[in-house]
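Any read-out appearing in this document is the output of simple, stated calculations on the displayed coordinates, not a laboratory observation. The model shown is predicted, which means the values in this text are computed figures rather than measured ones. Cβ: placed from backbone, ideal geometry, glycine included. Neighbour counts: every protein chain shown.
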Amino acid sequence: MVVPAVTPLTESFQLDHGAVESMFDNFYRNHVLPFILGTTGESASLPFELKADYVRQAGKNKQKGTTLYAGIASNCLEESIELTKICEQAGVDVVAATLPSYYALTESQMKRYFEQLADAIPLPLIIYNIPATTHSSVPLQIIDDLSYHSNIIGLKDSERNVERLHESLHLWKDRPDFSHFMGWAAKSAEAMLLGSDGIIPSTGNFIPSIYHEMQEAVLQNDTNKALRMQELSDLYGSLYQKGRTLGESLWALKALMSTHQLCQPIVMPPLQGSSQEDLLQLKEAYAQALESLALSE
């Protein structure tokens, strides 16, 4: 169970080291693993120095014996390679990369890009498919070809396509050398019940316990409980996602995290925070959701 961690920031847009420690404590206490510098971590907006700082701080806060994931996506191949070297030194175990998002690539160029990256880096690579931000989808046949590369170990797929999910699991659920991670939170339970190796839900930043319970339910073949946890995931996810763009939802996610003293509701430009009124309304909606759930139990 992996959570795509936000990047906690100070008012001067520096990394909030204390918040990283609080977030990681919360993850490990709830039996989930952190994945830093992904989409939820605003990686496309962060300066390289801040990314390196986060990697090093994450390495310091990593719990012994666990796996630490980090994103290395960049439009510059050399920058991804350099960040991976820092990741290796800091104790990161696995890195993930999307397609570069500026130039449209042909299928053969997509394949060659991931081969070049995997050949050049000292850590195992997960392919991260997210058309919502890269505006390109990596075809499953290309990924399957890449799945036999010795340094490519899995796929995180955030594409919202049920047919693609089913085909992916048909290809890889029985492959011990290649893992499938679901990045489409609304299909978390379905993916795991069908054989996905894991899920990577952003809602786990402030309420990770429901995903640990979902995982336990799947392992115990308790489909009804897994689907109940999915309903909770959908409810909490809608609080910060419904009616908002992806960028706006990242501020709202941090706002909800602030109710647990995990981080401040500060996002890196070009993303912008919302008004104090919006912040109060969001916190009130969250409190009401928690209260109604408590009454129903």
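What is the distance in Å between the Cα centres of the range 109-174 and the range 1-55? Distance between centres, Cα-based: 24 Å.
In terms of other Cβ atoms within 10 Å, Thr133, Thr223, Thr7 run from fewest to most in the order Thr223, Thr133, Thr7.
For the chain, the 222 nm mean residue ellipticity estimated from helices alone, with every DSSP H stretch of n ≥ 4 adding -39500 (n - 2.57) and the total spread over all residues, rounds to -15500 deg cm²/dmol. [x] 86, 56, 33; [y] 71, 49, 48; [z] 52, 46, 38: which one is Cα extents along the principal axes in Å as calculated from this entry? Derived directly from the coordinates: [z].
Got a sec? How would Tyr103, Tyr286, Tyr211 order by Cβ neighbour count within 10 Å, fewest to most? Walk me through the intermediate numbers first.
Working: Tyr103 9, Tyr286 20, Tyr211 29.
Ordered by Cβ neighbours within 10 Å, fewest first: Tyr103, Tyr286, Tyr211.
Can you return the aspartates and glutamates within cross-link range of Lys111? Criterion is Cα-Cα under 13 Å, with same-chain partners fewer than 8 residues away left out. Qualifying aspartates and glutamates at Cα under 13 Å: Asp119, Asp144, Asp145. Annotation: peptides 138-148, 272-282, 90-100, ranked by per-residue average of other Cβ atoms within 10 Å with the highest first, follow the order 90-100, 138-148, 272-282. Here the residues Val3, Val162, ranked from fewest to most Cβ neighbours within 10 Å of their Cβ, fall in the order Val162, Val3. For the chain, the residue among Cys76, Pro124, Gln109 whose Cα projects farthest onto the positive side of the dipole built from Cβ charges is Pro124.
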